[in-house]
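Shown next, in structure tokens, is the structure this report addresses.
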Amino acid sequence: MDTPSVSEVAALLGDWPARGSGSLAARLAFSLRSRILADLLPPGTALPPERLLADALAVSRSTLVSALDLLRSEGLVTSRQGSATRVTAPPAADTVGAPLTMAARLLGAAGRAINFGISAPPAAAHLPALAVTSADLLAAVPSHGYDPVGLFVLRAALAERHTASGLPTRPEEIQVTHGAQHAIDLALATLCPAGDAVAVEDPTYPGVLDVLSARRLRAVPIAGDARGPTPAGLEDAARNHGARLAFLLPAVHNPTGRVLDPGRRQALARALDRLEMTAVEDNTLADLAYDEARPPSLAALCRKALVVTVETTSKVAWGGLRVGWLRAPSPVIERSVRQRTSGDLGCSVPAQLLARQLLDHYDGLIAARRTALQASATRFGALLAEAIPGCTFDPPAGGLSLWVRLPDGADAAAFASRALRHGVSVAPGLFASPTGGHDHLRLCHDRPDEEITEGLARLAAAWSETTPTVVFA
Ligand SMILES: Cc1ncc(COP(=O)(O)O)c(C=O)c1O
């Protein structure tokens, strides 16, 4: 679909939210954006001339121009004088036709802006001194160094940590990965054939939605309540929507910062057993509940269901280390190792040795991170309430982010592009929600004090330019 006709684009937009909250231009931008992100208007598509498209959509030309301006500011479309507006092609370095993932948007969006969009420690400043010499390499691996399952010394130390936290684990049940994102991808590629339905929380970790679309898997939202996903929601996803696997964040949730209560965690484990449903539990943030001990793993609670656990050093230590792991029964690890080697022959040995050294300091790092994160969440939340009066969020019990509802159903994607013009990158809710999250933002509070202060002053300025919502009858 290189140059769709006016009627094709109008048909694609269908009954776009011509009614509802937010300005008409913001709603039109929202609808166009969702079609672009779903690849229904792929990169390179030339949009019809503005006058014709505005007529077909029954909006004024200035409304269409404002909507396109919003998309231009997000880098989703470009236009040159005298030629058509086009959906942005991926940069030349990308694989031809590769969709622009949410992760790529979050990593690339900020430029020199203050980045509240990406949920990660801001720098490696809090790490202890670590070093690996060539003698260490030789001592650890007296051979070629390719190892798709990971260094034994690291796997043994990780297995010991799991065992000490109540989940007996052997080194053969661990595979070292390039962080948790890679571990999620490997787990889903190993366990789900293309076309399968995967149950996910709503909201969920944005990166899993990228994996689902890259692996051609279908996201089925799990119904939940204020405590989190419900066993009935899990059952509905399994029985009525064909989901055989659930991706869950049962320890500390990204983006809400919720820690599942023990009763609900236990009930979900029982439901998984009853349904014989496989779970991938993302325990990336499990050590970062502010006031409570690390919650028990679903893998320790389930009796029948297969549970694969994803972990990483990225949030206690630093994302740049790129060391995470999968914990699963050894036959699953063996399958995952075979899955991996078509595109990746293993992790860097120096990085794994650094991760092994880090584990000697891990408990101290965890304690310091919990205190720092609790302080940044409190500070961020207080300033946010002043910057965007009327916004709401549940105070997080752990983790690095807040899940914030904008007042009056404001269009979060439009606000995110305005915020970027003010020099702050934020993640609109649609990145984390399989059903849209159109009035939510995910904001990462794990930032130095001065960045929080300045970033929230900029967000306040962006919010003050938000047009009051018009609700159409
Ligand atoms: C819940 C969750 N899972 C996975 C990841 C990816 O982590 P990594 O940097 O180790 O790939 C993140 C990072 O934000 C996360 O918050």
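The values are calculated or read from the model by the stated rules, or taken from the named source; none is laboratory data. Nothing here was measured: the structure is a model prediction, and the numbers come from that model. Every residue, glycine among them, receives a Cβ derived from its backbone with ideal geometry; neighbour counts consider all protein chains shown. All accessible areas refer to the heavy atoms of the entire protein, side chains included, with ligands and DNA or RNA removed. Shrake-Rupley method; radii C 1.70, N 1.55, O 1.52, S 1.80 Å.
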Helix-only CD estimate at 222 nm, as mean residue ellipticity for the chain, using -39500 (n - 2.57) per DSSP H run (n ≥ 4): -12500 deg cm²/dmol
Exposure ranking of Asp291, Asp282, Asp225 by accessible area [1.4 Å probe, largest first]: Asp291, Asp225, Asp282
Given the chain, longest segment not containing exposed loop GluC sites (Glu not before Pro) (DSSP; at most 14 other Cβ within 10 Å): 1-275
Residues with amide H under 5 Å from that of Thr85, placed H, sequence gap 5 or more: Leu47
Under 9 Å, Cβ to Cβ, from Glu74 - net charge with Lys/Arg +1 and Asp/Glu -1: +3
Net +/- balance of residues flanking Asp439 in space, Cβ distance below 11 Å, scoring K and R +1, D and E -1: -1
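For region 6-87, compute the orientation-averaged projected area of the C-alpha convex hull (one quarter of its surface), in nm².
On the way: hull surface 19.5 nm².
About 4.9 nm², averaged over all directions.
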Compactness relative to 2.2 N^0.38 Å, alpha carbon Rg of region 122-168: 1.51
Distribution of pairwise C-alpha distances over region 335-434, 5 Å bins, in %: 2, 9, 13, 14, 13, 10, 12, 12, 9, 4, 0
Region 282-342: proportion of alpha-carbon pairs further apart than 15 angstrom, %: 60
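Answer rounded, prolate or oblate for the chain, using the Cα gyration tensor with square roots of eigenvalues a ≥ b ≥ c: rounded when a/c is under 1.5, else prolate when a/b is larger than b/c, else oblate.
Since a/c reaches 1.5 and a/b is larger than b/c, the shape of the chain is classed as prolate.
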Rounded accessible area per residue of the chain, 1.4 Å, Å²: 43
Cut-off 12 Å between beta-carbons: net charge of the residues surrounding Leu456, Lys and Arg +1, Asp and Glu -1: -2
Kirkwood-Stokes translational diffusion coefficient of region 146-360, alpha-carbon pairs, 25 °C, 0.890 mPa s, µm²/s: 143
